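Inspection log for the structure reproduced underneath, given as structure tokens.
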Amino acid sequence: MKALTKEMKEKRMTFKMLAKKLGVSTVTINNWISGKCSPNFKNMDGLALLGFSTTVCLEPSKDIEV
């Protein structure tokens, strides 16, 4: 499971909810999860403010082990 997806599930946050909070599209969130692109600095700050871990902010497309 991707780090961002895992933390979104833990926070009970949908793609649509996260996209709205960050002011991006759901396609953008999907692209981060699939590794097609990474969040810019503004979005990394937004993710951190929403309580997402540094791992998610720095490497949103990497798998993490639990």
For region 3-57, shape from the Cα gyration tensor axes a ≥ b ≥ c, cut at a/c of 1.5 then a/b versus b/c, turns out rounded
Checking region 1-48 for trypsin sites (Lys or Arg not before Pro) in a loop per DSSP with at most 11 other beta-carbon atoms within 10 Å yields ARG12, LYS36
Along the dipole axis of region 3-57 (charges at Cβ: +1 for Lys and Arg, -1 for Asp and Glu; origin at the Cα centre), the most positive-end residue among GLY23, ASN40, ALA3 is GLY23
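Values quoted throughout were computed directly from the atomic coordinates according to the rules given, and no laboratory measurement underlies them. Please read all numbers here as calculations on a predicted model, not as lab measurements. Here the Cβ is made from the backbone with ideal geometry for all residues, glycine too, and neighbour counts use every protein chain on show.
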